[in-house]
Amino acid sequence: MTQPTLLILSFSRIASDARVLKQVERFRDEYRVVTCGYGPKPDGVHMHVSLTDSNEIWRYDRVKVIARLYTSAYWGNRAIAEAREKLAPMQFDVILANDVDSVGLALRLEPRFGVHADLHEYAPRQKEDVTRWRLFVAPFMSWMCRRFVTRASSVTTVGAGIAAEYGRQFGITASVVTNAAPYQELSPQAVGDTIRLVHSGACLRDRNIAAILDAVESTRADVSLDLYLTPNDPAFLEQIREQAASSDRVTLHDPVPYSELASTLNSYDIGVHILPPVNFNNRWALPNKFFDYVQARLGVVIGPSPEMTNVLSEYGFGAIADDFTAAALARAFDMLDPATVAAWKVASDGAAGPLSSATQVEEWARKIGALCATS
């Protein structure tokens, strides 16, 4: 029997996009997978349609967006136009369209059995803390949701809060596939007298990294902090580097490849992530790093973000600060002791299986399989 042809469409660099790579890995053995996005061909796919790096998806015609000429702005986007030209001669059974920008194109390509949309965030409020974006781009994102996403055969997104908002605002029924990390064969490491904290990820001002440093400096607990930061904001990274250099508790490292992240983190005790709700998506975040800490068998300390709080409370592998300030985080650190942290690491070990990506990606498999079954 011929395998169905599945196009995985993503205006991202697929070979380094953790969420899209999970889609590739789940479907490449059961479907004839074609990918379309930036960068090199992902391992194991039948074919890859590469897009020009300079045709970035965010480069919509500013005048058209401001004038609300949305149809012209959408189809005039160079990335969408290039992908449309390259994909139009091909026939697909199903298209898995990542993020709202890709859904209109997926529908236009008319796959035989339908389009599944996977929405990586709540698009209409992505950068609502930026005034110009909120005034001009947010209505365009809402238009894409109404015009395109409502016509998708099925939809998934990253968390329950975001799914609920898509339902409230657009009548879109979305199930949830979290950004869970792949299962790692690791064990919790012993906790020493000094509790070793770690934070990994993007060096961005809205990630509250400075507050983590301030909390580490002011806590009464015997702790150290190691940072593995990618240079997203070089000026801010230099500021963090200077602050770390002046501290005997903080060490800044170069980032490590994702394939080495879990084993690197495994030598620490607690992963820290305190994300202020500066916009809707931050408020409802359930990010990769939260699951990375679990796979590394660490305890986790977070701010009161509702999605992370729900998971942490269910499995009992950490603590929740009262708010998102350095003072609240320092109070959470003040309560730490080796026995408590060791118990959290055991709980994290127990949660690593249920919270791994292997369980989550089956929701995509059910949705895509259902489309093929209706053929």
Q: Run Pro124 past the list (1) under 21 Å from Arg59 (Cα atoms); (2) in contact with a strand residue (DSSP E or B) (Cβ under 9 Å, 6 or more places away or on another chain) and report the number of the one that doesn't hold.
A: (2)
Q: Name the single residue, out of those in the range 337-375 being farther than 23 Å from Asn310 by Cβ and touching a helix residue (DSSP H, G or I) at 6+ places or on another chain (Cβ under 9 Å), that is surrounded by the fewest Cβ atoms within 10 Å (Cβ to Cβ).
A: Ala365
Q) Which one is modelled with the lowest pLDDT among residues in the range 34-54 that are small (Gly, Ala, Ser) and under 9 Å from Ile14 (Cβ atoms)? A) Gly39
Q. Looking at the range 150-204, which of its residues are closer than 24 Å to Asp292 by Cα and polar (S, T, N, Q)?
A. Thr156, Thr157, Ser175, Thr178, Asn179, Gln184, Ser187, Gln189, Thr194, Ser200
Q.
Condition (residue is without any contact (Cβ under 8 Å) to a residue 60 or more places away in the chain, more than 21 Å from Leu355 (Cβ to Cβ) and crowded, with 18+ Cβ neighbours inside 10 Å) applied to the range 191-200: is it met by at least one residue?
A. no
Q | Selection within the range 259-300 - under 21 Å from Phe333 (Cβ atoms) and β-branched (Val, Ile, Thr) | A | Ile270, Val272, Ile274, Val294, Val300
Q: Give the residue, chosen from Ile320, Ile302, Ile270, that is β-branched (Val, Ile, Thr), over 18 Å from the mean Cα position of the chain (by Cα) and crowded, with 21+ Cβ neighbours inside 10 Å.
A: Ile270
Q) Do we have Asp206 as in the same structural domain as Leu265 (by TED's automatic domain parsing), of a type in the set (Asp, Glu) and farther than 19 Å from Pro287 by Cα here? A) no
Q: Filter the range 7-63 for residues that are farther than 20 Å from Leu371 by Cα, of a type in the set (Asp, Glu) and under 23 Å from the mean Cα position of the chain (by Cα) and give the result.
A: Asp17, Asp43, Asp53, Glu56
Q. Residue check: is Val176 more than 27 Å from Ala328 (Cα to Cα) and under 19 Å from the mean Cα position of the chain (by Cα)?
A. yes
Q. What are the residues in the range 237-263 that are crowded, with 16+ Cβ neighbours inside 10 Å and in contact with a Phe, Trp or Tyr (Cβ under 7 Å, 6 or more places away or on another chain), if any?
A. Pro255
(Q) Cβ-Cβ distance below 7 Å, separation of 6 or more or different chains: which pairs start in the range 148-164 with a residue that is farther than 13 Å from Ile95 by Cα and end on one that is crowded, with 21+ Cβ neighbours inside 10 Å and of a type in the set (Phe, Trp, Tyr)? (A) Thr157/Tyr166; Gly159/Trp284; Gly161/Trp284; Ile162/Tyr122; Ile162/Trp284
Q: Name, by its number, the condition in (1) on the phi > 0 side of the Ramachandran plot; (2) touching a Ser or Thr at 6+ places or on another chain (Cβ under 8 Å) that does not hold for Ile302.
A: (1)
Q.
Whether any residue in the range 43-57 is part of a helix (DSSP H, G or I) and surrounded by fewer than 23 Cβ atoms within 10 Å (Cβ to Cβ) is what I want to check.
A. no
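The values are calculated or read from the model by the stated rules, or taken from the named source; none is laboratory data. It should be emphasised that the depicted structure is a prediction, and the values quoted were computed from it without experimental measurement. In this analysis, Cβ positions are derived from the backbone assuming ideal geometry, glycine residues included, and neighbour counts consider all displayed protein chains.
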